[in-house]
Amino acid sequence: MTPFNRCNYVLKGFFFWSDSAVRVIKKLNNNFAICVDNEGETCIAYGKGIGFPKTPYDITDPTVIDRRFYDVDQRYLALFNELPEKVLHFTVKLVDIARNELDYELNPNVVLTLADHINFCIQRAKQHIYVQMPLIYEVEQQYPQEGKLGRYALKQIERRFTIQLNQNEASGIALHFVNARYNAKTKCDVVTQWQQRYDDILEDTVSIVEDEIGIVINRSSFNFARYSSHLMYLLQRLGTGNLLDSNISEMYRSLGTEYPKITRCVELISEYFHTKWNLTLSEEEKLYLLLHINRICTREGL
């Protein structure tokens, strides 16, 4: 993945650190644009109407931009055109609240990936499609802060978008924050230890899916970027011993029956981790691999 330049998510509020102009170089939608800041760093800027003028142009009024996001993976940028702006705005504010509530940093891509997740929840609700989620009270036992945020987000989604959601959708949002945990020191240590392994493991696991399903996965797609990000989080958890492991065996078995080919891929990947790296995946970790792999195959029409 090729991220933007700075290795953290930065919220600078309604001001810049200096009076120098910021150059807008590409519109993403009416209110989001790719910019180069006064230090020469590339970022995503959010401000009402900044995407309207013809690019490139300079922003000289510091109050125009509400916030800037650094280190966003470029393959996620397509979501700015795919996601409703109302969902994006809602998610930006929700992540702001989460950053104040949680005692750790969040991955810089979390606004886009969480907005995608929330939009998917809304669309499922409108179509009366129910996807089984872990029980929210079980998630809260292991992740109380994230569970609280999940419940809050659920109520706000129902109010803002005038829909009714299954209460366990809160657990999906809570676990999204868990998966987006970003600790600079831990990440640095894990990357130093795992970077070469990560490249190999990414290609090995994707090859398992391709061989088993009989497809060629587009490695420049958003879905592949999502899978590769999930794999990096998985390796971080393996490296720190903080694997996800709640009581969801029944759900994994249920989805395994529904998606036998994808489950076969997951079991082969689990065997690969055990045989080559002497690492054991919990059933919760296997469940999330199943969901990511299935989404690749489904969304790309494979």
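The values are calculated or read from the model by the stated rules, or taken from the named source; none is laboratory data. The shown structure was predicted, so the numbers you read here are calculated from the model rather than taken from an experiment. Cβ coordinates were reconstructed from backbone atoms using ideal geometry, including for glycine residues, and neighbour counts include every protein chain displayed. Areas reflect the complete protein model, heavy atoms only, side chains present, ligands, DNA and RNA absent. Shrake-Rupley method; radii C 1.70, N 1.55, O 1.52, S 1.80 Å.
Values as computed for the structure displayed
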read-out	value
Cβ crowding within 10 Å averaged over residues, with 103-115, 262-274, 206-218 ranked highest first	103-115, 262-274, 206-218
Local electrostatic count, THR275, Cβ distance below 15 Å [Lys/Arg +1, Asp/Glu -1]	-2
Protection proxy ranking of 279-292, 41-54 - average other beta-carbon atoms within 10 Å, highest first	279-292, 41-54
Links that overshoot a 26 Å alpha carbon limit, given the list LYS86/LYS155; LYS86/LYS148; LYS48/LYS126; LYS48/LYS93	LYS48/LYS126
Segment 22-70, accessible surface, carbon-and-sulfur percent (1.4 angstrom probe)	50
Heavy-atom surface of segment 22-70, accessible at 1.4 Å and reported per residue (Å²)	44
Within the accessible area of segment 81-180 (1.4 Å probe), percent carbon and sulfur	49
Rounded, prolate or oblate (a/c below 1.5 giving rounded, otherwise prolate when a/b exceeds b/c) for segment 22-70 by Cα gyration tensor	rounded
Check: segment 81-180 dipole with +1 on Lys, Arg Cβ and -1 on Asp, Glu Cβ, in debye	420
